[in-house]
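Nothing in this text is a laboratory measurement; each read-out follows from the coordinates by a stated rule. On a predicted model such as this, the values are computed, not experimentally measured, just so you know. Glycine also receives a Cβ, built like all others from the backbone with ideal geometry; neighbour counts cover every protein chain displayed.
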Amino acid sequence: MKNTALSPVHIQLGAKMVPFAGYNMPVQYAGVNVEHDTVRKGVGVFDVSHMGEFILKGENALDLIQRVTSNDAAKLYDGKVQYSCLPNEDGGIVDDLLVYRIDEKTYMLVVNASNIEKDWNWISKFNTNGVEMKDISDRTSLLAVQGPKAADALQSLTDIDLGSMEYYTFTKGKFAGIDNVVVSATGYTGAGGFELYFDNEHADHIWNEVFKAGEPFGIKPIGLAARDTLRLEMGFCLYGNDIDDTTSPLEAGLGWVTKFTKEFTNSEALQQQKQAGVGRKLIGFEMIDRGIPRHDYAIVDADGNNIGKVTSGTQSPSLQKAIGLGYVETAFAKEGTEIYISIRDNKVKAKVVKPPFYK
């Protein structure tokens, strides 16, 4: 099991640690609901240093990214971030990722922790034009400082004007006295905030400075369990649950990052799928009757026929009701449709709603 540079800090703070994607990670500190609430209303800090980072450099870096990702990276400018997918050759998804344009010939790709090796091998397979690839995952720490008070809590640590940064942009600068920190106006919570990338050697220093500066704003450390409830309230996909090697980006509602203005891996087959229409769709749903939907629970119709399965589900701390994501046959995907979740052999009523659940 790998540790992040901050694992000893989490243990010292009394976090409950669990194995996640091969790393020893904090799942919660004070409890999921209170941590969730801290991020929605104030500011919280996630250690997400288990994520992977690759640097792609050279004349043909953009060309390689265009070939392996579904979104159109030619639209990027320096300091812009893009959400995208790595489609496989069978209609599924190798991973979802972020593409950062550092300059015309230099990009950073941020990938899921569980897929670092898989993604590296996949992209390398298409690197036929000598793009310089560097995996900096093991030496890079990443903090996600999330919540409506994030900009105020961090502003004293940098000259970068955090309040004026647009969503999905980033800048490199001095942060907490450390040079070359990447400050990115991104996140996975829907609560606003920033992600900070820096070398492991600065992890303790930056962590301590962030908590010192954020103290007047009630800043708290947050675990992965609250990260999951926060992202689910926004309807954000989690790789391995809602999307994987068998789910098409079009089935998953990721048509908006699947651009047929260029050729990419399996683009022809995906375009045919778009024209023909998909047989199943990823939907959001909320429970009408009492019951909490869980990953892999069957979704059935009024007669008990199987029509799909739950991919993510929880009791939403913000909304005080149970919500979920799941794949259903397209005929049942319309907003307002009544469906049933099979919970311990009981048919429990739910209805299809359009994410985000939390507005």
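Points to keep in mind about this one:
- Share of alpha-carbon pairs per 5 Å distance bin for region 279-359, given as whole %: 3, 19, 32, 28, 13, 4, 1
- In terms of surrounding Cβ atoms within a 10 Å radius of their Cβ, 169, 140 rank from fewest to most as 169, 140.
- Region 109-263: radius of gyration and largest Cα-Cα distance (Dmax), Å: 17.5, 52
- Compared with the alpha-carbon gap, the fully stretched path from residue 260 to residue 152 is longer by 34.8 nm at 0.36 nm per residue.
- Antiparallel beta bridges, as assigned by DSSP with both residues in the chain, represent about 95 percent of the total such bridges.
- Estimated dipole of region 1-88 in Debye, rounded to 20 [Cβ of Lys and Arg +1, of Asp and Glu -1, Cα centre]: 160
- Label-to-label distance for residue 315 and residue 246 is 3.0 nm, based on points extended 7 Å past Cα in the beta-carbon direction.
- Net length gained if the chain between residue 164 and residue 200 were fully extended (0.36 nm per residue, minus Cα distance): 10.2 nm
- Net charge of neighbours whose Cβ lies under 14 Å from the Cβ of residue 28, counting Lys and Arg as +1 and Asp and Glu as -1: -1
- Percent of C-alpha pairs per 5 Å bin, region 29-147, short to long: 2, 11, 19, 21, 17, 12, 8, 6, 3, 1, 0
- In the chain, excluding the sites themselves, the longest stretch lacking any of the chymotrypsin sites (Phe, Trp or Tyr not before Pro) that are in a DSSP loop with at most 11 other Cβ atoms within 10 Å is 168-359.
- 20 Å binning of all Cα-Cα separations within the chain, expressed as whole percents from 0 upward: 29, 58, 13, 0
- Estimated at 0.36 nm per residue, the fully extended path between residue 180 and residue 272 surpasses their Cα-Cα distance by 28.7 nm.
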